[in-house]
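Okay, so here's the structure we're looking at.
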Amino acid sequence: MEGQQTCSEGNPLGYAPLGGLMRKFAIPSIISMLVNSLYNMTDQIFIGHVVGMLGNAATNVAFPVTILLTAFAQMIGIGTAANFNINLGAKRPEEAKKFIGTGLAMMSLVGLLLMAVVLIFKTPILMICGATENVLPLSQGYLGITAIGIPFLLFTSAASVIIRADGSPAYSMTCTVSGAILNVVLDAFFLFGFGWGIQGAALATLISQIFSFLLCIRYFPKFKTFPIQKDMLGLKGAYVGRIAKLGTSNFINHTIMMVVNIVLNNSLTYYGALSIYGKDIPLAVSGVAAKLNSIMVAFVVGLAQGCQPILGFNMGARNYERVKATYKKAVKIGLCFSMTAFLLFQFFPKGVISIFGVGDTLYFAFAEKYLRIYMFMVFTFGLQPITVNYFTSIGNVKQGIVLSASRQGFLLLPILLLLPLKFGLNGVLFAGPIADGLAALLSITMVVINFRSLSRQQKALQEEGKA
């Protein structure tokens, strides 16, 4: 059966043309990630046109919760899938079963725990995330509803990675696409039809997430590689640790992204209050930019995750040249996408921002400035996330963690705190491109070192085969 994951040497992941494999796995993965980001994007667009600028700001201060949710989903989903594919490539099917069972249990439990924490501490969380007195009531109404969907969204986001690793990228895509289409329909119905405002957008998101979850659950009784049995499910300590280990770099990346988002929101409101723009305009514009950024993240991470089965299997099979070729091809595609985004932000910033609703002259003036400065180095964006996922997929945890923490933590966060002390609001804006450029250089350096190591290992294998 096509797409069937097996442990035999005839597995197409080890020999089929990379172009075809990447189209099969990466395209559904990219669509799934893009559609997943559309849950927030659609809400932002409808809220921006119906509620206005303050509605955009309200979804922005709730966005760090979504980033944290994604961090856990990425850690569990990618950690499980990477261990699953590596063990298949190394011909250890029983180990692969234990990772799948443990991963499914982890995503269920973590989703319920996160929902409880967010519902209990909703208002303090929003205040920490930068909510102003004008924005807080709207953000409370939005997060109070969307928090109920946390277990459903986390399970779907993590499980879709496992479904793709099992050789069913099209079904993985269907789970998220169906929910996103339903979200658009319900947004229009609830906001324009019933006039429910920001709470209507939140309810549309919740219903859509439950629908995607139900589609996702239907897959596992028909798992391709082996049947999912009840005795496989449960938290097995050693496997929890190994899943978390391979998913740590992605978790750290998103967690630091959440912290940076919170610091950015508070910096924009503080220094914005000292400028002609005030507190709410920079916060609203940052919310729109965050959604644009989530689209770019969705594309490059979806591309990287689509390559994960190929990288993991071939690393397990010690086919190092194929591992390198897969990475190079992914980076080329990612950089082409990033360059397209750069051109749009530089030459058509007002048109891009106008998609997300209305605002006054000051609002659009700051929005154009924000996109042109803060997002200036976006053309390098395809490099760092793909490289992080590359190291995770081949089991190089330390490199993945260092690179994950670099752009957001080691670079952007300190620059974001220090530069505005001298340059005010402009310092906040210039922190972004400086951190992006440095992160790209670090990614290139780490990959070059890794490629040299893989070449030495490939050469040793060839000499061993001749002996």
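Working value for the range 251-293: equivalent-ellipsoid semi-axes of 22, 12, 5 Å, each the square root of 5 times a Cα gyration tensor eigenvalue, largest first. Computed from Cα atoms alone, the Kirkwood hydrodynamic radius reported for the range 220-268 is 14.0 Å. For residue 350, the aspartates and glutamates whose Cα falls under 19 Å of its own Cα, not counting residues fewer than eight places away in the same chain, are 280, 360, 368.
What the phi angles of the range 334-347 give under the Karplus curve with 6.51, -1.76 and 1.60, with θ = phi - 60°, is a coupling list of x, 5, 5, 5, 4, 5, 4, 4, 4, 5, 5, 5, 7, 9 Hz, glycine and proline written as x. Counting other C-beta atoms within 10 Å, and keeping those with at most 15, which DSSP coil chymotrypsin sites (Phe, Trp or Tyr not before Pro) do you find in the range 147-177? Answer by residue number: there is no such site. Label positions at residue 445 and residue 343, each projected 7 Å from the Cα along the C-beta direction, are separated by 3.2 nm. Here each label is just a point 7 Å from Cα along the line to Cβ, and for residue 459 and residue 275 those points are 5.2 nm apart. Here, the range 17-466 yields an orientationally averaged convex hull projection of 20.5 nm² when only Cα atoms define the hull. In the range 310-467, Rg over Rh equals 1.12, where Rg is the alpha-carbon radius of gyration and Rh the Kirkwood radius from pairwise Cα distances.
Centre-to-centre separation between the Cα atoms of the range 89-139 and those of the range 272-294: 26 Å.
Scanning the chain for GluC sites (Glu not before Pro) in DSSP loops with at most 12 neighbouring Cβ atoms within 10 Å leaves 134-467 as the longest stretch between them.
Cross-link pairs exceeding 20 Å between alpha carbons, from the set 98/230; 291/422; 245/329; 97/222; 245/332; 24/230: 291/422; 245/329; 245/332; 24/230. Extents of the range 231-342, largest first, come to 60, 39, 20 Å (Cα atoms, principal axes, whole angstrom). Backbone phi angles across the range 226-242, fed through the Karplus curve with coefficients 6.51, -1.76 and 1.60 (θ = phi - 60°), yield HN-Hα couplings of 7, x, 7, 10, 4, 6, 7, 7, x, 8, 9, x, 5, 7, 4, x, 6 Hz in residue order; Gly and Pro are listed as x. Once you wrap a convex hull around the alpha carbon atoms of the range 30-130, what is its projected area averaged over all directions, in nm²? Result: a mean projected hull area of 7.9 nm². Using just the C-alpha positions of the range 381-462 as equal point scatterers, what log10 of I(q)/I(0) does the Debye formula give at each q in 0.25 1/Å? The Cα Debye sum returns log10 ratios of -1.10. Each residue of the range 249-258 is assigned a 3J(HN,Hα), and the resulting list reads 4, 5, 5, 4, 4, 6, 5, 5, 4, 5 Hz, derived from the Karplus form 6.51 cos²θ - 1.76 cosθ + 1.60 (θ = phi - 60°), x at Gly and Pro.
Readers should treat all values here as calculations from the given coordinates under stated rules, not as data from a laboratory. Everything numeric in this text was worked out from a predicted model, so none of it was measured. Note that each Cβ is placed from the backbone with ideal geometry, even for glycine, and that neighbours are counted across all protein chains shown.
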